[in-house]
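The block underneath contains the structure these notes are about, expressed in structure tokens.
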Amino acid sequence: MRRLFVAGNWKMNTTKESGVALAKEVAAAVPSGGSVDVMVAPPFPYSSAIHEAIAGSGVELGAQNLWYEPSGAFTGEVSADMLKDVGCAQVILGHSERRHVLGESDEVINKKNHRGLEAGLHVVFCVGEQLDDRDGGRTDAVLSTQLEGGLTGVEGGQFANLTVAYEPVWAIGTGRTASPEQAEAAHAHIRGWLREHYGAEIADSTRILYGGSVKPDNAAELIGQDNVDGALVGGASLKADQFIAIIQAAQGLS
Ligand code: PGA
């Protein structure tokens, strides 16, 4: 069985003080060696402080982005090695806000995926359709295109360090969650795509997280779907009690 995984994407929120307090509360509820993998991705400037706050717990540090070149004249960007240097073990790439607000293409996301994997970071690679794609019946086609574009050149052996996150754009931060059936259908499509391109073993072992308005009251039903292996949580990851309740929902299913 795939190990369930709950990740918190703090986005551009918290102060150093509130972030450290939040991380400490989560860390206290997640001892190392637990049955569920847990990651939090704070804003870059707080990485070191949060790394310290979660030390010794079962929570891993993630980042929300990276740039794909190793170093150089890329004003404002952060490299994979810099992330590792401050304790990040994971990185979220291809998030819909990077795609649709910051204009990242599948090609750029592909380069970032390669860089993250080559650097030894665990990559949480996000895909998801917008509302008009869903309404127009193009959900599966959009997901296939994003998978194809983002994973070009990624080898089967690298999947040990890769998690896919399905995040329907219309459900992110809107309070409008995909129904468990909608989530399961999209996850089954993603797993089918992985099977077709990488074979059954990789398809069956790769985790696919659901993200988009996951809350304590819907987490168990969503994560309980056959092809849903955890959650990528935005808003609810900013409240320790809510994030911990989502982790506990996953623990209850493990
Ligand atoms: P949300 O965000 O939980 O606030 O909808 C999810 C995400 O964007 O990762």
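The values are calculated or read from the model by the stated rules, or taken from the named source; none is laboratory data. These numbers were taken from a predicted model, which means no experiment stands behind them. Glycine gets a Cβ as well: all are built from the backbone with ideal geometry, and neighbour counts include every protein chain shown. All accessible areas refer to the heavy atoms of the entire protein, side chains included, with ligands and DNA or RNA removed. Shrake-Rupley method; radii C 1.70, N 1.55, O 1.52, S 1.80 Å.
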Summed side-chain charge close to Ser57 - residues other than Ser57 whose Cβ falls under 15 Å, Lys, Arg +1, Asp, Glu -1: -3
Net length gained if the chain between Ser254 and Glu155 were fully extended (0.36 nm per residue, minus Cα distance): 32.8 nm
Whole-angstrom gap from the stretch 74-135 to the stretch 198-254, using each part's C-alpha centre: 20
Phi to ³J(HN,Hα) by Karplus 6.51 cos²θ - 1.76 cosθ + 1.60 over the stretch 231-244, Hz, x for Gly, Pro: 9, 9, 10, x, x, 6, 7, 8, 10, 3, 5, 6, 5, 5
Listed peptides 48-57, 1-10 by packing density, highest first (mean Cβ within 10 Å): 1-10, 48-57
Amide H within-cut-off set for Thr163, under 5 Å, with H built and near neighbours excluded: Val123, Val124, Phe125
Contour minus Cα-Cα distance for Asn13 and Glu148 (0.36 nm per residue): 45.5 nm
Positive-end residue of Gly137, Ala165, Ala49, charge dipole of the chain with Cβ unit charges: Ala49
Surface per residue (accessible, 1.4 Å probe) for the chain, Å²: 42
Highest to lowest packing among 194-203, 243-252, scored as the average C-beta count within 10 Å: 243-252, 194-203
Estimated dipole of the stretch 5-253 in Debye, rounded to 20 [Cβ of Lys and Arg +1, of Asp and Glu -1, Cα centre]: 500
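Hey, can you rank 150-161, 17-28 by average C-beta count inside 10 Å, highest first?
On the way: 150-161: 15.4, 17-28: 18.2.
Packing order, densest peptide first, comes out as 17-28, 150-161.
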Separation of the Ala200 and Lys239 label points, Cα + 7 Å toward Cβ, nm: 4.4
Directionally averaged projected area (convex hull, Cα atoms, the stretch 5-253), nm²: 12.2
Positive-end residue, the chain charge dipole about Cα centroid, Cβ charges, pick of Ile202, Pro70, Val40: Val40
